[in-house]
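First up is the structure itself, then whatever we jot down about it.
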Amino acid sequence: MRVSVKRIVGDEADHLLVQSDRYMAALYPAESNHLVSSASLRGRHALFLGAFTDQGTRSATANTCIGCVAARFYQAAGYAEIKRLFVDEGYRGHSIARTLMVAIEEGIVAEGINCARLEMGIYQPEATALYQSMGYRVIAPFGDYQLDPLSQFLEKKGLSIDD
(Lines give C-alpha, C1' and ligand atoms only; values in the text may rest on other atoms or scores of the structure.)
Protein backbone atom coordinates (compact mmCIF):
# COMPACT_ATOMS: atom_id res chain seq x y z
CA MET A 1 0.00 0.00 0.00
CA ARG A 2 1.32 3.42 -0.92
CA VAL A 3 0.51 6.30 1.38
CA SER A 4 1.25 9.96 0.73
CA VAL A 5 1.02 12.74 3.30
CA LYS A 6 -0.21 16.14 2.22
CA ARG A 7 -1.87 19.21 3.64
CA ILE A 8 -5.63 19.11 4.25
CA VAL A 9 -7.20 22.05 2.43
CA GLY A 10 -10.91 21.22 2.55
CA ASP A 11 -13.22 18.60 4.00
CA GLU A 12 -11.21 15.54 2.92
CA ALA A 13 -10.56 14.46 6.55
CA ASP A 14 -13.93 15.39 8.03
CA HIS A 15 -15.15 11.77 7.93
CA LEU A 16 -12.16 10.83 10.10
CA LEU A 17 -12.92 13.59 12.61
CA VAL A 18 -16.49 12.28 12.91
CA GLN A 19 -15.11 8.79 13.61
CA SER A 20 -12.66 10.26 16.11
CA ASP A 21 -15.43 12.24 17.85
CA ARG A 22 -17.51 9.07 18.26
CA TYR A 23 -14.53 7.11 19.54
CA MET A 24 -13.64 9.77 22.11
CA ALA A 25 -17.26 10.16 23.24
CA ALA A 26 -17.37 6.41 23.92
CA LEU A 27 -14.25 6.64 26.11
CA TYR A 28 -14.57 9.95 27.95
CA PRO A 29 -17.23 12.36 29.25
CA ALA A 30 -17.74 15.56 27.26
CA GLU A 31 -15.83 17.72 29.76
CA SER A 32 -12.71 15.57 29.21
CA ASN A 33 -12.84 15.82 25.41
CA HIS A 34 -10.91 18.74 23.94
CA LEU A 35 -11.78 18.31 20.27
CA VAL A 36 -11.39 21.07 17.72
CA SER A 37 -13.01 21.56 14.33
CA SER A 38 -11.55 20.89 10.92
CA ALA A 39 -11.87 24.57 10.03
CA SER A 40 -9.80 25.66 13.04
CA LEU A 41 -7.06 23.22 12.03
CA ARG A 42 -6.80 24.76 8.57
CA GLY A 43 -6.34 28.24 10.00
CA ARG A 44 -3.39 30.60 9.80
CA HIS A 45 -1.59 29.29 12.91
CA ALA A 46 -2.08 25.61 12.22
CA LEU A 47 -1.06 22.76 9.96
CA PHE A 48 -3.49 19.94 9.13
CA LEU A 49 -2.08 16.88 7.37
CA GLY A 50 -3.73 13.82 5.89
CA ALA A 51 -2.49 10.39 4.87
CA PHE A 52 -3.88 9.42 1.49
CA THR A 53 -3.87 6.06 -0.24
CA ASP A 54 -4.34 5.22 -3.88
CA GLN A 55 -5.36 1.67 -3.01
CA GLY A 56 -9.13 1.15 -2.88
CA THR A 57 -10.63 -1.17 -0.28
CA ARG A 58 -13.98 -1.59 1.42
CA SER A 59 -13.33 1.47 3.57
CA ALA A 60 -11.52 3.68 1.07
CA THR A 61 -11.46 4.49 -2.60
CA ALA A 62 -8.64 5.91 -4.69
CA ASN A 63 -6.94 8.94 -3.13
CA THR A 64 -8.98 8.79 0.07
CA CYS A 65 -7.80 10.33 3.32
CA ILE A 66 -7.22 7.44 5.73
CA GLY A 67 -5.51 9.29 8.57
CA CYS A 68 -4.95 12.79 9.86
CA VAL A 69 -3.05 14.89 12.38
CA ALA A 70 -2.77 18.60 13.07
CA ALA A 71 -0.61 21.08 14.93
CA ARG A 72 -1.59 24.47 16.30
CA PHE A 73 1.32 26.88 16.60
CA TYR A 74 1.90 28.94 19.73
CA GLN A 75 4.99 30.85 18.63
CA ALA A 76 5.07 33.23 21.60
CA ALA A 77 4.91 30.33 24.07
CA GLY A 78 7.51 28.34 22.11
CA TYR A 79 5.53 25.20 21.35
CA ALA A 80 3.07 23.58 18.97
CA GLU A 81 0.14 21.51 20.15
CA ILE A 82 -0.57 18.29 18.28
CA LYS A 83 -4.28 17.65 17.76
CA ARG A 84 -6.58 15.07 16.20
CA LEU A 85 -4.24 12.20 15.32
CA PHE A 86 -6.53 9.53 13.94
CA VAL A 87 -6.24 6.63 11.50
CA ASP A 88 -9.19 4.83 9.93
CA GLU A 89 -9.65 1.50 11.73
CA GLY A 90 -9.22 -0.47 8.50
CA TYR A 91 -5.69 0.93 8.05
CA ARG A 92 -4.28 0.60 11.55
CA GLY A 93 -1.17 -1.51 12.03
CA HIS A 94 0.63 -0.10 8.98
CA SER A 95 2.64 2.66 10.76
CA ILE A 96 0.41 5.37 9.32
CA ALA A 97 0.12 7.14 12.68
CA ARG A 98 3.91 7.17 13.01
CA THR A 99 4.26 8.47 9.44
CA LEU A 100 1.80 11.26 10.23
CA MET A 101 3.62 12.12 13.46
CA VAL A 102 6.96 12.36 11.68
CA ALA A 103 5.40 14.63 9.06
CA ILE A 104 3.71 16.91 11.62
CA GLU A 105 6.93 17.19 13.61
CA GLU A 106 8.70 18.26 10.40
CA GLY A 107 5.98 20.86 9.87
CA ILE A 108 6.43 22.14 13.41
CA VAL A 109 10.19 22.48 12.91
CA ALA A 110 9.55 24.30 9.61
CA GLU A 111 7.64 26.91 11.66
CA GLY A 112 10.74 27.46 13.79
CA ILE A 113 9.37 25.59 16.80
CA ASN A 114 11.27 22.74 18.47
CA CYS A 115 8.79 21.69 21.16
CA ALA A 116 5.58 19.71 20.63
CA ARG A 117 2.94 19.13 23.27
CA LEU A 118 -0.32 17.25 23.35
CA GLU A 119 -3.19 16.31 25.61
CA MET A 120 -4.72 12.87 25.36
CA GLY A 121 -6.90 10.55 27.34
CA ILE A 122 -5.63 7.81 29.60
CA TYR A 123 -7.64 5.01 27.93
CA GLN A 124 -5.65 4.92 24.68
CA PRO A 125 -2.68 2.62 25.34
CA GLU A 126 -1.69 2.29 21.68
CA ALA A 127 -1.46 6.05 21.29
CA THR A 128 0.46 6.38 24.55
CA ALA A 129 2.92 3.72 23.38
CA LEU A 130 3.39 5.49 20.04
CA TYR A 131 4.10 8.86 21.63
CA GLN A 132 6.46 7.41 24.22
CA SER A 133 8.35 5.48 21.53
CA MET A 134 8.83 8.78 19.71
CA GLY A 135 10.31 10.52 22.74
CA TYR A 136 7.28 12.21 24.31
CA ARG A 137 7.36 12.53 28.10
CA VAL A 138 4.66 13.28 30.68
CA ILE A 139 4.37 16.92 31.76
CA ALA A 140 1.98 19.05 33.83
CA PRO A 141 -1.08 20.60 32.15
CA PHE A 142 -0.18 23.39 29.73
CA GLY A 143 -1.95 26.28 28.04
CA ASP A 144 -5.59 26.49 29.10
CA TYR A 145 -5.80 22.86 30.21
CA GLN A 146 -6.67 21.99 33.79
CA LEU A 147 -5.65 18.90 35.72
CA ASP A 148 -8.04 16.09 34.74
CA PRO A 149 -7.73 12.51 36.01
CA LEU A 150 -8.75 11.29 32.54
CA SER A 151 -6.09 13.32 30.71
CA GLN A 152 -2.37 13.04 30.31
CA PHE A 153 -0.12 15.75 28.96
CA LEU A 154 2.95 14.94 26.90
CA GLU A 155 5.84 16.93 25.47
CA LYS A 156 8.78 16.36 23.16
CA LYS A 157 11.56 18.95 23.19
CA GLY A 158 14.42 19.32 20.75
CA LEU A 159 12.49 18.53 17.60
CA SER A 160 14.60 18.52 14.48
CA ILE A 161 14.23 17.38 10.91
CA ASP A 162 16.48 14.41 11.71
CA ASP A 163 14.11 12.97 14.41
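The values are calculated or read from the model by the stated rules, or taken from the named source; none is laboratory data. No experiment lies behind these values; they were computed from the predicted model shown. Glycine also receives a Cβ, built like all others from the backbone with ideal geometry; neighbour counts cover every protein chain displayed. Surface areas here come from the heavy atoms of the whole protein model, side chains and all, with no ligands, DNA or RNA. Shrake-Rupley method; radii C 1.70, N 1.55, O 1.52, S 1.80 Å.
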Seminar exercise, completed: Taking every C-alpha to C-alpha distance in the stretch 1-92 and binning by 5 Å from 0, the per-bin percentages run 3, 14, 23, 22, 18, 12, 6, 2, 0
For this session: Send over a whole-number figure in Å² for the accessible area per residue of the stretch 1-87, probe 1.4 Å.
Result: 51 Å²
Exercise. So how long is each side of the stretch 4-163 along the principal axes, counting just the alpha-carbon atoms, biggest first, in Å?
Worked result: 42, 35, 29
For this session: Could you tell me what percent of the accessible area of the stretch 1-101 is made up of carbon and sulfur, with a 1.4 Å probe and every protein chain present?
Result: 50 percent
Exercise. How would you order 101-112, 127-138 from highest to lowest mean count of nearby Cβ atoms within 10 Å?
Worked result: 101-112, 127-138
For this session: Work out, step by step, the length gained on full extension between VAL138 and VAL9: first 0.36 nm times the residue separation, then minus their alpha carbon distance; give nm to one decimal.
Result: 43.3 nm
Problem set entry | Extended-chain gain in nm, criterion 0.36 nm per residue less alpha-carbon gap, ASN33 and ASN63 | 7.8 nm
Exercise. If you place +1 on the Cβ of every Lys and Arg and -1 on the Cβ of every Asp and Glu, how big does the dipole about the Cα centre of the chain come out, in debye to the nearest 20?
Worked result: 200 debye
